[in-house]
2 protein chains.
Amino acid sequence: MAHDDDSIARSGTDAAAGTARSLLAETVSAIGPPDQSAISAARERQERLTKPSGSLGTLEDLSVRLAGLAGECPAPIPEPAVIAIFAADHGVHAQGVTPWPQEVTAQMVANFLAAGAVVNAFAAQVGAEVCVVDVGVAAGLPVAPGLLARKIRAGTADMTAGPAMSRDEAERAVEVGTEVAADLIAAGHRCLVTGDMGIANTTASAALISVFTGTDPAEVTGRGTGVDDETWQRKVAVVRRALELHRPDPADPIGVLSAVGGLEHAALAGFIIGAAAHRVPVILDGVIACSAALAAVALAPDAVHAMVAGHLSTEPGARAALAALGLRPLLSLEMRLGEGSGAALALPIVQAAARLLRDVATFDSAGVSGAKE
Amino acid sequence: MAHDDDSIARSGTDAAAGTARSLLAETVSAIGPPDQSAISAARERQERLTKPSGSLGTLEDLSVRLAGLAGECPAPIPEPAVIAIFAADHGVHAQGVTPWPQEVTAQMVANFLAAGAVVNAFAAQVGAEVCVVDVGVAAGLPVAPGLLARKIRAGTADMTAGPAMSRDEAERAVEVGTEVAADLIAAGHRCLVTGDMGIANTTASAALISVFTGTDPAEVTGRGTGVDDETWQRKVAVVRRALELHRPDPADPIGVLSAVGGLEHAALAGFIIGAAAHRVPVILDGVIACSAALAAVALAPDAVHAMVAGHLSTEPGARAALAALGLRPLLSLEMRLGEGSGAALALPIVQAAARLLRDVATFDSAGVSGAKE
């Protein structure tokens, strides 16, 4: 919670003063492919470490990806890390898509700030900071340490009646996320972790995933934080109705976000491309982050190289989104909480993967015999 | 590596002085069922935490198990943690079951002590100590900080020609593991993590798993640290031959260990029951630990309540053993290195699960509204 708020406030002012439109374009243009020479060096070094080739499975691939992203082998250890929880409300809540009252969004923000939520406990365990970004909570929130006030609007409009937000609002929300990423990196963080809070946000996630993956809403709409059969059917119908109303074009990610997204989804997309532009890894949490990641790759395809899938949420949309992104989740613990909780648990694994190439001895250096061919 | 060796040396001396036989019986008799009132309290508290019921999946069950083991809710956080790497050699190496020369066992012990191995990198990342226990390395090892000299014999005999070790040696190796567990707990550790090193030890693991689960050797024999088809077929045949020679009785775990086990397997079984007797969780690594865990539950069925399956090794025997134990692994990263590497990565998840019940606010305490019924 110790993040310095001043630099973010300053860049927020810059954005408001008219440099906003160019920030998105600049960020997208700064995102490039992985560094092939670092990847080659990492692969070659993996083969010389004192372990049988391939014996670390997924961790070996991850260590190579981190080197490619950083552009050096070994890559720096991705620490310190920070979990940025983007919070917002959703007009589609009025359609009865969740049993939770909307006021829970603001109440949980207070819980995060009091370090009482699950993500706080997990962050403390893995040594990550937590910051909360109000990008669109429907209630007014008191000033508090650890809370970044970046409200674009007080919740989205109901996507079944019209666009969730304007294109300008969607773009500004994306840029809030990018600015937060840049400021957290400027403050010294070397790993970003996505967090989210917003009652009804799995409905917007399902809509986004349906658009970006071309999957039927019934296949990517889940039970969120606990909906019954009747509510689930209503939720699927709501997503279907919104998509029929807007017919969003997946090649126009800002248009998709404005039609059926959430303010936290837009900000998370910006946060992800911000990480990618700085070549810093970003660990994705659950279905909210995965849906935002689809928007991020629609904006900048090479952003995928900065992404690490922290875990596989039980929400069906998460699996579809990760498949479309080509990412394999590190954890699969039947979690579906959000907040960044699953990604937080994956953080030590990401850091351990980076440590492999830096700290583990080679057969030569350790005087260990190899296997017979 | 900062573990104080003196207390272990002392109890080792006690064991040599004749209290050895009773230690196993005493340990087994000290292992009891989980505490049902702590389990009930943990389940009830999980329902009041500020998160939707069930949204943390496997973590919720784990938090409840930890409370039942500790006998209190919330359970203490399982830290600090220590990875004990039991190292030994295997006479069955002579049968050509692996491409790795036997000398690699001793070379890797040196690598652990120099903090150059994968497990050292992972332990450093997750804040665990590492200690190495020579329970049967074929080579003489120089005295070194972090190395516990508890050699029972200089490697096992070839299980295809006779028993791998005597019953007395098997029992003494079990007791070494129990003593190491007791001493590490006395030194303040509140989570034990299994580690292992021993060229050819997946062959002994396959034999143990075949006996204890009643599964055909071909189904539980894997490719270890990288064997080709021809070597794999030879390995299966070796296991089959050993089992036909000894026809071990799964109801006699000391007999099974002496016939086809390794010294590190026996010591790990003792380490596990030692943890269980002290009601301290023990995180199992891969196939070596899982096979030893089967011996542990054969000695003391309630020992299973102290076990947490750290990960699912790609070795087929691991899956069979975990199914027999009724344990669900926390990680599945296609790892097959051993050393304790997979269990080390699971450690923060175990600690996070315990933190849930201690640190997370309840709906009442945080003033968060519940879902509508």
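The values are calculated or read from the model by the stated rules, or taken from the named source; none is laboratory data. Since the model is a prediction, treat every value here as computed from it, not as a measurement. With ideal geometry, Cβ positions are generated from the backbone for all residues, glycine too; neighbour counts draw on all protein chains shown. The area values use the complete protein model at the heavy-atom level, side chains included, leaving out ligands, DNA and RNA. Shrake-Rupley method; radii C 1.70, N 1.55, O 1.52, S 1.80 Å.
The portion of the accessible surface of segment A:79-350 made up by carbon and sulfur, rounded to a whole percent, is 52 (1.4 Å probe; DNA, RNA and ligands excluded).
Here A:Asp216 yields copy-to-copy label distances, from shortest upward, of 4.1 nm, the label point defined as 7 Å from Cα along Cα to C-beta. Compared with the rule-of-thumb size 2.2 N^0.38 Å for a compact globular protein, segment A:26-126 has a Cα radius of gyration ratio of 1.64. For the residues of A:93-106, the average number of beta carbons from a partner chain within 10 Å of their own beta carbon is 2. Mean per-residue shielding of peptide A:310-316 is 1, counting Cβ atoms of other chains within 10 Å of each Cβ. A crude spin-label estimate for the pair B:Ala30 and A:Gln36, with each label 7 Å from Cα along the Cβ direction, gives 6.1 nm.
Rounded to the nearest 10 degrees, the inclination of helix B:20-30 to the longest alpha-carbon principal axis of chain B is 30 degrees. Accessible area per residue for chain B is 32 Å², calculated with a 1.4 Å probe on protein heavy atoms, without ligands, DNA or RNA. Label-point spacing at B:Arg43 relative to the other copies reads 5.2 nm, in ascending order, each point sitting 7 Å out from Cα along Cα→Cβ. For segment A:131-242, dividing the convex hull volume of the Cα atoms by the residue count gives 132 Å³ per residue.
The Cα-based radius of gyration of the protein assembly as shown, divided by its Kirkwood radius, gives an Rg/Rh of 1.01. Under the convention that each Lys and Arg Cβ holds +1 and each Asp and Glu Cβ holds -1, the size of the dipole of segment B:79-350 around its Cα centre is about 160 debye. Treating each Cα of chain B as one equal point scatterer and applying the Debye formula with no solvent, the log10 of I(q)/I(0) at q = 0.06, 0.09, 0.13, 0.14 Å⁻¹ comes out as -0.21, -0.46, -0.94, -1.08. In nanometers and ordered shortest first, the copy-to-copy spacing of the B:Gly370 label point, defined 7 Å from Cα toward Cβ, is 6.4.
Close amide H pairs (under 5 Å, H built 1.01 Å from N) link B:Ala164 with B:Ala259, B:Val260, B:Gly261, residues at least 5 positions away or on another chain. Heavy-atom accessible surface of A:Arg153, to the nearest 10 Å², is about 70 Å², with a 1.4 Å probe and all protein chains retained. Taking amide H as placed 1.01 Å from N in the peptide plane, the amide H of A:Leu312 sits under 5 Å from that of A:Leu331, A:Ser332, A:Leu333, each at least 5 places away or on another chain. Between A and B, roughly 4700 Å² of accessible area is buried in total, ligands, DNA and RNA not counted and the probe set to 1.4 Å. The modelled label-to-label distance between A:Ala144 and B:Asp216, using points 7 Å beyond Cα along the C-beta direction, is 6.1 nm.
How far apart, in nm, are two points set 7 Å out from the Cα along the Cα-to-Cβ line at A:Trp232 and at B:Ala94? Inter-label distance under the simple model: 6.1 nm. Normalised radius of gyration (Cα atoms, divided by 2.2 N^0.38 Å) for segment B:104-179: 1.25.
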